[in-house]
1. Mind jotting down the three principal axis lengths of the chain based on Cα atoms? Whole angstrom, largest first.
2. Under a Cβ-Cβ cut-off of 13 Å, what is the net charge of the residues other than Val34 that fall near it, where Lys and Arg count +1 and Asp and Glu count -1?
3. Positive end of the charge dipole of the chain (Lys, Arg +1 and Asp, Glu -1 on Cβ, about the Cα centre): tell me which of Ala71, Ile157, Thr173 has its Cα farthest that way.
4. Below 25 Å Cα-Cα, how many Lys pairs turn up in the chain? Only count pairs eight or more apart in sequence, or on different chains, if you could.
5. Just to be sure I follow: if Rg is taken over the C-alpha atoms of region 29-186 and Rh is the Kirkwood radius over the same atoms, what is Rg/Rh?
6. Could you line up Lys116, Lys292, Lys202 from fewest to most neighbouring Cβ atoms inside 10 Å?
7. For Gly153, what residues show an amide H to amide H distance below 5 Å, using hydrogens built from the backbone and excluding near sequence neighbours?
8. Could you order peptides 45-55, 1-11 by the average number of other Cβ atoms within 10 Å of their residues, highest first?
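Nothing in this text is a laboratory measurement; each read-out follows from the coordinates by a stated rule. Note that the structure is predicted; figures quoted are calculated from it, not measured. So basically every Cβ, Gly included, is an ideal-geometry build from the backbone, and we count neighbours across all protein chains shown.
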Amino acid sequence: MRTAVLVAIPTYRRPAELERLLSRIARLDIAVPVTVLVADNDPEGRQGEEVVAALAARSYRFPMEAITVSAKGLAKVRNTLFTHALSHHTFTHIAMIDDDEWPDAPWLGELLRVQKVTGADIVGAPVASIFEGTGGSWMRRARLFQPEARPEGPCPIIWASNNVLLTRDCIETAGPPWFDLAFNLTGGEDVEFFTRLKAQGKRFAWAPGALIFESVPCERMQARWLLRRGLRIGSTDARIQLRHGTGRLHRARTIGKAVLGLVASLSLLPLRALSGKRRADGLFSAARAAGKFYGFYGGRVHEYQ
């Protein structure tokens, strides 16, 4: 089959950001057939559908479709995107990008090139943060907001679905539900999915040239947001580690590593607090380590209500 890509976009009440993303996709430097599928998770407002309809009426470059997902949650939306794509569209690869992000012209071509060279089932790529407003200079230095630096080529695994290319065969063989509904409102559904794919023998690769950009609103420049995000990631990490391991020994080792991580994070926190460059990383590391304990004992942080 000739290479063809479906770009899958979940959206929720971000019409301006979605329009920006779709406008940038229309400017991609790509020669293969591309179809765009948008899943609007706001059945009341349906602003995402309105944006798609308006752009389509102005002769959008690629075929584009919008669907509505009434059930709330990231796992629900991503599963619906995969199900609808497999049932209604012809494609060899599916690319996923979030509605608050946007690519440069080489984005999709770079993902496809690295996939072809490596033969990987899943190709990930970095995300650069673009900050809204001013202030929060010490927060801007957090590693959480920096593009992940890896060399091009095969890699052990990737950790997010907001800039990723998957082969159709990978999706079909994995089978539904791809994203576990236990992580529907907490996040972490993508990490759990990729952990499962790795256990099935799927191959991963990294494409640093497929960099995209993410808008970071002012409310994320607060310590409170950083601590909550660290707690949420830590708790989902713990749940995934427990789910994909067996036996008391695995549990004991996992909890032991969490203890060491928490002790180290808390010990270094006073020193990091004195350094504007590392203050945010210190807070995030401590919150993530605490979140692992919370997750080990059933705690969940519902970040996506």
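1. Principal extents (largest minus smallest coordinate, Cα): 58, 47, 40 Å.
2. Cβ neighbours under 13 Å give a net charge of +2.
3. Positive-most Cα among the choices belongs to Ile157.
4. Lysine pairs meeting the criterion: 9.
5. So for region 29-186, dividing Rg by the Kirkwood Rh gives 0.96.
6. Arranged by neighbour count, lowest to highest, Lys116, Lys292, Lys202 become Lys116, Lys202, Lys292.
7. Counting only residues 5 or more places away or on other chains, the set is Trp206.
8. 1-11, 45-55
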